[in-house]
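Quick note: the coordinates plus some simple rules give every number you see, no bench work behind them. What you see is a predicted model, and the numbers here were worked out from it, not measured in a lab. Counting neighbours? That spans all protein chains shown, and the Cβs are built from the backbone with ideal geometry, glycine included.
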Amino acid sequence: MRTLVTYRLEDSIATITMDDGKMNVMSLQMLTDLNAALDQAAADRAVVVLSGREGVFSAGFDLPVLRAGGSESIVMVRAGFELAERVLSFPMPVAIACTGHAVAMGVFLLLSGDYRVGATGSYKLTANEVAIGLTMPRAAIEILRQRLTPAHFNRAVTIAEPFSPDNAVEAGFLDRVVESSELQGVARSTAVALSALDMDAHAASKLRAREHTLSAIRAAIDADYAAFRARA
């Protein structure tokens, strides 16, 4: 089975790239590979650049597995939100290069980065659960809450509004939008700038600033897990 994630270390910058050849779905293998890459970045004490493939960051969970329910679905969903929790509390800075569509779990992972650079283009960023007949997971709500403006947060959660690079910065999905040809260079230069931080101070300040968010996400993951198991 081929890896879905590549890891490249250069000058204390770890570039982690998701590429399943299609839509970068958050399958159990993708989640496992991402965690392995983060393990390596932590061991290398490297600033992370997390990127998708051209045209898509991630389309979210593996939908056939999700709709089938059962133990695999439950494990996948929990692993996805635990990955977002890990990125939010990762001891080194995490810059994200949003290469295209970020949907559902894809957008939740995007919103967990410290600095998010998006490419221009006609793609969407959306938490589409309500549009496809799913009640928004509690953990997803907490992740959205901590980055989106109040008005955009309510629209994202309750009416599954899709956003574009044109309004993603205003809403809080992205910190910056650049031309597609410049995306990887800007993401890397951002990571280089972040590498000048005092990493101990960064890690401690991140945990202090996100203490309530991380606590809420952890409680939400446990509540969602219990609810999913009760329905399985």
Residue-averaged 222 nm ellipticity for the chain, from DSSP H runs of 4+ at -39500 (n - 2.57), nearest 500: -15500 deg cm²/dmol
Hydropathy at least -1.0 by Kyte-Doolittle, axial extent at least 18 angstrom from the Cα trace: which helices of the chain, defined as entire DSSP H runs, fit? 28-44, 70-88, 211-231
If you build a Gaussian network model of the chain, linking Cα atoms that sit under 10 Å apart, which residue out of Arg116, Arg45, Arg188 swings the most? Arg45
Using alpha carbons only, how many angstrom separate the centre of the stretch 1-43 from the centre of the stretch 191-228? 20 Å
Output the antiparallel fraction of DSSP beta bridges having both residues in the chain, as a percent to the nearest 5. 25 percent
Residue order, fewest to most beta carbons within 10 Å, for Phe163, Phe228: Phe228, Phe163
Quick one: go through the stretch 86-128 and flag any residue whose amide nitrogen is under 14 Å from the point 7 Å out along the Cα-to-Cβ line of Val169. 116-121
Taking r as the C-beta separation of Ser215 and Ala151 and R0 as 25 Å, the FRET efficiency to the nearest 0.05 is 0.50
For the stretch 81-232, give the magnitude of the charge dipole about the Cα centre (Cβ charges: +1 Lys/Arg, -1 Asp/Glu; no others), in debye to the nearest 20. 300 debye
Could you work out the relative contact order of the stretch 5-231, using alpha carbon pairs under 8 angstrom and six or more residues apart, expressed as a whole percent? 21 percent
Testing the spin-label approximation: label points 7 Å from Cα along Cα→Cβ at Arg231 and Ala131. State their distance in nm. 2.0 nm
What three numbers, in Å, describe the spread of the alpha carbons of the chain along their principal axes, ordered from the longest? 48, 39, 36
